[in-house]
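One structure is given here, and the rest of the page talks about it.
The values are calculated or read from the model by the stated rules, or taken from the named source; none is laboratory data. Bear in mind the structure is a predicted one, so any value in this text is a computation, not a measurement. Quick reminder, even Gly has a Cβ in these numbers, built from the backbone with ideal geometry, and neighbours come from all protein chains shown. The accessibility values were calculated without ligands, DNA or RNA, using every heavy atom of the protein model including side chains. Shrake-Rupley method; radii C 1.70, N 1.55, O 1.52, S 1.80 Å.
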Amino acid sequence: MLAQGIRLARRMENEETAEGHERAHEVGESNGNAKLNMRRSLRWKLTSSYLFLVIVVLLVVTAYVARALERSYMNTYAYVVATQAKVISLMLREYAGRDLISLQPMVQELRWRKEATITLADATGRAANLAIDPSYPEVQKAFAGMESQAVRADPRTGERRVYAAAPILGPKKEVVGIVHVSAPEAWVWRQLRRMVPQFGMAMLLGLGAAWLIGTRLSRRITRPLEELSRMANRISSGDFAGRAPVDETEELGRLSQSFNAMAGRLERVIAEISAERNKIEAIIAGMTDAVVATNRDGQIILLNRAAEDLLQLERRQAQGQRARDVVPGERLVAMLEDATDRGRLTAEELPPGSMSDRVVEAHCAPITGDGGSVIGAVAVLRDVTELRSTERMRRELTANVSHELRTPLTSIVGFVETLLDGAMTDEETARQFLTIIDDEAKRLVKLVDDLMDLSRLESKRVALELKPVDVGHLAYHVVDKMRPLAENSQLMLSQSVPSGLIAPADSDRLEQVLTNLVDNALKYTPPGGRVEVRASDDNGEILVEVVDNGRGIPPEDLPHVFERFYRADRSRTRGSGGTGLGLAIAKHIIEAHGGRISVHSRLGEGTTFVFTLPRNGSLEPPN
């Protein structure tokens, strides 16, 4: 489940950051190039296509008009040449009896252009200077008495010319000769070339009008698409509030409506994904277990607050770094790499020193992608130092309780068996044995009572009866109570507590603490020593000290003196009344009052137990 959450968070992170780098790159490019690309791909294509179509139409129309003009000019030109031939033939009817060849110089004067030719031929086909080929169709028709014309290339020069022939009739309507007129076809093209500027101007005007119309049409078409493009850019940058205007054109209107519907659905989907992502991130961030995730390349992609505290890393600096470079120790990195490379689930307890000074329970699992391939690994780390310490203390408690119970029980059982074996007859011996049995039984009762008392204190089930307590009076009472025991041990017991030190406290519990501390001092101080109870006002707190000049406590034992059943040196304990629970009980009582307790000691110089009480504390017991 966690791996799926990591995969979803990673996928969305890749989308923001496939959107962080890609979006920044794409949006930057699209902002700079979207309009240009749009114009190149649509507006300019529409305009250029429209212009190309207009140009093609203009070219086709121009070609058709030019061809039509050419045919019209050619027909007109041929008609002019034919008319000229007919007019000359009519003029020459008056000279039908004369030699037509002699009239050639006269008819040459009738040429309207120097490139034109006028040739006379008699009935025999004889012409002046030029021989008329009788195979020409217009010549044959003219000799047959009909007017005719033709357009063909001159066989001598290769130039295309317009030919016309008309018969010269005699008095009896007989053909006495023909008039043959020709003119270059180039005259027609000269006339057409004179119209080229007008055609060009017309095409330019047409292109200009087409450009204006095409631009307006393309802008009219592309403006809604550009709006869609801008909305797409806004959506790609994370702004889902915008909507594209709906165009009145049916197709573009449907496109805008579809785009707006898609944007709305996308906004809802992104919101749902973001909410899911925030939920997963909140769950991961709020987990008390440390979570570390890496990608396929071993780079850290996720690190929650618990992992920061456990691994002593900063998330901002660690993310993106290789786990091997920043994660302390080698074992956790090896487990992550094994889960990534082999896709295996692994679990292992890492002892202190392998990753930190804590005992850590590590569980590693691969992160799989959509296709089932492994894209990374996630490790869940649980700090089990306190759990293991509790388990150790429980085992030690069981062993200590068993040991503490076995010693008096063994003594009781031994003396009872001795009495049953016949010692009952000896009254003095029986009384001695019964006294020992009574002492051991009382020790058992005290041990059980202390265990129950300690259990209630640790579980916060003890209700303190807080009331103003005069610490000086209480110290005097405890010292006076313990003085006989001190005198029996040849010790000097005193107290130095000023009057007026009032603290809200449970008098019976506070007396229990002082009694325990004084009793310990008396037990661990050799004859001739001194034990003193002091108290003073220290910045709003009452500071109470129990000082002795005994043998002291070794430095290595000082951190453990408040543990259950712990004794710095069992051989130095006098008497059999101790249970090893007194200092643990005292510590819980002082802490229940909102105070602190500590110990200072030097070997050969003595020991000082110090505890504080809030002087102005509430009469309500602290939670």
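Quick look at the values:
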| read-out | value |
| --- | --- |
| Highest average packing first - 528-541, 101-114, Cβ atoms within 10 Å | 528-541, 101-114 |
| Fraction of accessible area attributable to carbon and sulfur, the chain (%, probe 1.4 Å) | 54 |
| Derived scalar couplings ³J(HN,Hα) [the stretch 542-557; Karplus, 6.51 cos²θ - 1.76 cosθ + 1.60; whole Hz; x for Gly, Pro] | 9, 9, 10, 10, 10, 10, 9, 10, x, 6, x, 10, x, x, 5, 8 |
| 5 angstrom amide H check on Ala121, placed H, neighbours 5+ away | Ile178, His180 |
| Burial order of peptide ranges 515-522, 306-313 (average beta-carbon count within 10 Å, highest first) | 515-522, 306-313 |
| Estimated FRET transfer efficiency when R0 is 25 angstrom, pair Val246-Ile221 (beta carbons, to 0.05) | 0.95 |
| Between the stretch 505-535 and the stretch 365-442, the Cα center-to-center distance that results, in Å | 28 |
| Thr407 versus Thr288: modelled label distance in nm, points set 7 Å from Cα along the beta carbon direction | 3.7 |
| Under 27 Å from Lys442, Cα to Cα: lysines that are on another chain or at least 8 residues apart | Lys460, Lys481, Lys523, Lys587 |
| Potential extension, Glu349-Asp133 segment - 0.36 nm per residue separation minus Cα distance | 65.4 nm |
| Beta bridge orientation in the chain: antiparallel %, DSSP, nearest 5 | 95 |
| Among [x] 322; [y] 188; [z] 200, the entry derived from the coordinates for volume of the Cα convex hull per residue in Å³ | [x] |
| Probe 1.4 Å, protein heavy atoms only - accessible area per residue of the chain in square angstrom | 57 |
| Projected label distance in nm at Ser598 and Gln198, using a 7 Å step from Cα toward the beta-carbon | 11.7 |
| Linear extension gain, Val87 paired with Ser102, 0.36 nm per residue minus alpha-carbon span | 3.6 nm |
| Environment charge at Leu419 (Cβ cut-off 12 Å; Lys +1, Arg +1, Asp -1, Glu -1) | -3 |
| Selection of trypsin sites (Lys or Arg not before Pro), the stretch 132-206, meeting DSSP coil and at most 14 other Cβ within 10 Å | Arg156, Lys172, Lys173, Arg194 |
| Mean separation of Cα contacts under 8 Å (6+ apart) over length of the chain, as relative contact order % | 8 |
| Proximal lysines relative to Lys86, as straight alpha-carbon distance under 21 Å, when same-chain residues fewer than 8 apart are discounted | Lys114, Lys141, Lys172, Lys173 |
| Viscosity 0.692 mPa s, 37 °C: Kirkwood-radius Stokes-Einstein D of the stretch 360-487 over Cα pairs, µm²/s | 155 |
| Calculated [θ] (222 nm, deg cm²/dmol) that DSSP helices of n ≥ 4 give over the chain, each run adding -39,500 (n - 2.57) | -18000 deg cm²/dmol |
| The chain: DSSP helices with Cα axial extent of at least 30 Å and average Kyte-Doolittle hydropathy no lower than -1.0 | 44-91, 196-236, 250-286, 385-420, 427-458 |
| Residues Ser274 and Glu556, FRET efficiency given R0 of 60 Å [Cβ-Cβ distance, rounded to 0.05] | 0.60 |
| Relative contact order (percent, whole number), the stretch 116-199, Cα cutoff 8 Å, 6+ residue spacing | 30 |
| Backbone N under 18 Å from the Arg71 label point (7 Å along Cα→Cβ), restricted to the stretch 160-200 | 188-189, 192 |
| Protein-only accessible surface order, largest first, of Leu205, Leu225, Leu409 at 1.4 Å | Leu205, Leu409, Leu225 |
| Relative contact order computed over the stretch 512-571 (Cα-Cα under 8 Å; 6+ residues apart), in percent | 27 |
| Asp338-Ser258 FRET efficiency (beta carbon distance; Förster radius 41 Å; 0.05 resolution) | 0.25 |
